[in-house]
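The values are calculated or read from the model by the stated rules, or taken from the named source; none is laboratory data. Note that the coordinates shown come from a computational prediction; the quantities given were computed from them, not determined experimentally. Ideal geometry is used to build each Cβ from the backbone, glycine not excepted, and the neighbour counts take in all protein chains shown.
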Amino acid sequence: MAKQSFEPGKYFTSITSGNVLTPVDKQLDDLSDLTPSEIENMRGWHQHFEGKYIVCGELVNG
């Protein structure tokens, strides 16, 4: 990936500029605030990683 992708305002800074963690005192994010475009993007990443790695567990609300 080109160095320019990591500069302010470029691809990676646009997807990492916010807090992406769910606080430990809250249950898992239900993703209800995602747009259709964000859901489609997430599905693409899921398929990408599903093909690269073995599923070894799952997150559950507890």
Worksheet item: Which ones in the range 34-43 are surrounded by fewer than 10 Cβ atoms within 10 Å (Cβ to Cβ) and either part of a helix (DSSP H, G or I) or at pLDDT below 90 (or both)?
Response: PRO36, SER37
Fill in: Cβ pairs under 8 Å, 6+ apart, first in the range 18-31 and at positive phi and modelled with pLDDT of 70 or more, second hydrophobic (A, V, I, L, M, F, W, C) and not in a loop (DSSP other than H, G, I, E, B)
LEU31/ILE39; LEU31/MET42
